[in-house]
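Peer 1: Quick one: the structure is below, questions incoming.
Readers should treat all values here as calculations from the given coordinates under stated rules, not as data from a laboratory. For clarity, every value in this text was computed on a predicted model and none was experimentally measured. Please note: Cβ atoms are built from the backbone with ideal geometry, for glycine as well, and neighbour counts cover all protein chains shown.
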Amino acid sequence: MMQERLRLFSGTANPELTQSICENLNMTPGDVHIRRFSDGEIFIQIQETIRGLDAFFIQSTSAPANDNLMELLIFIDAAKRASTQHICAVIPYFGYARQDRKSASRTPISAKLVADMITAAGASRVLTMDLHAGQIQGFFDIPVDNIFAAPIFQRDIESRPLDDVTIVSPDVGGVVRARALAKRLHTDFAIVDKRRPAPNEAKVMNIIGDVEGRHCILLDDMVDTAGTLCSAADALMEQGAKKVSAYATHGVLSGPAAERLEASSLHELVITDSIAQGERIMATGKVRVLTAAPLLAEAINRIYSARSISSLYN
């Protein structure tokens, strides 16, 4: 049973995930009242005393990203003013992570701005999962624990009767992630080389590695409109792959993602529950969700009890 000085609270982004995390810790979610004024302003009141306690607020900054981010900031402020000892922002999916550098002249580094706001609001620590860009940890002036979904995916892949597996990175940016999982699974590894002739348009140029007759598993940190993933799956099938599946930590799945998944040659997309999914996505029949709750619960437990996070992967 967890010590009495720990409290877990949920935002409105994904209360089901919070409930699962609490069940793994044999706890109940803290009592917090969240409502909106008619003009959209967010109001939060913590309905129990948290003076001198450690508060963990679980909130992915997924769509609607700005509303969910403001909820997070307002809760942190409320907890700070309630004399909480430590406030940990648990952000399973960290929105704005793709804006981690100046991509062109006169553009912002929005990930840094979000990090500054969370720190200024009064958070003492951040727990997140599979940051799109690892250097975002350095944008914070407070400790950041970035945990990885790879063990979840590894267990799922090993539990299924899959032969001749090749782990594939859908682009050069994901090579390190895909290579690491391939090493853990003792499988082959390949890379999809793509170019972007125009914004939001990906064109596959070449497949680096042998995929003929193989069950190819694309691995990525997130899937948004699914354009890159679906074009990579089609290219792999054209190169003789037997079957193409995909694993991604964060299923953003916005815009035309559902239609693209249905029309693609992708056999299955496996994601975690870091982002709550709507009926439209699940109705495609190609999306399967694995829970990250046990992993997040163990990370919260270790943070609270001042134990190592990195040993989770040993």
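Peer 1: Could you tally the net charge around Thr107, taking each other residue with its Cβ under 13 Å from the Cβ of Thr107, Lys/Arg +1 and Asp/Glu -1?
Peer 2: Every neighbour counted, the sum reads +4.
Peer 1: Build a GNM of the chain with springs between Cα atoms under 10 Å: which of Thr61, Thr249, Thr28 gets the top mean-square fluctuation?
Peer 2: Evaluated over the chain, the most mobile residue of the options is Thr28.
Peer 1: Additional query: To the nearest Å, what is the center-to-center distance of region 253-314 and region 1-52, using C-alpha atoms only?
Peer 2: Rounded to whole Å, the Cα centres lie 21 Å apart.
Peer 1: List His250, His267 from most exposed to least, where exposure is judged by having the fewest other Cβ atoms within 10 Å.
Peer 2: Least to most surrounded, the residues fall as His267, His250.
Peer 1: Where Rh denotes the Kirkwood radius from the mean inverse Cα pair distance, what is Rg over Rh for region 150-290?
Peer 2: For region 150-290, the value is 0.93.
Peer 1: Next question. From the Cα gyration tensor of region 19-161, with a ≥ b ≥ c the square roots of its eigenvalues, which class applies: rounded if a/c is under 1.5, or else prolate if a/b is larger than b/c, or else oblate?
Peer 2: It is oblate, given that a/c is not under 1.5 and a/b is not larger than b/c.
Peer 1: Pairs Lys80/Lys102; Lys112/Lys286; Lys194/Lys243; Lys183/Lys286: which are spaced more than 25 Å apart, C-alpha to C-alpha?
Peer 2: Values: Lys80/Lys102 33 Å; Lys112/Lys286 35 Å; Lys194/Lys243 20 Å; Lys183/Lys286 27 Å.
Exceeds cut-off: Lys80/Lys102; Lys112/Lys286; Lys183/Lys286.
Peer 1: Among (1) 0.91; (2) 1.20; (3) 1.03, find the value of Cα Rg over 2.2 N^0.38 Å that was calculated from the structure presented, and write down its label.
Peer 2: The listed entry that was calculated here is (3).
Peer 1: Could you work out the helix-only [θ] at 222 nm for the chain, with each DSSP H run of four or more residues adding -39,500 (n - 2.57) and the total divided by the number of residues, to the nearest 500 deg cm²/dmol?
Peer 2: So the helix-based figure for the chain works out to -9000 deg cm²/dmol.
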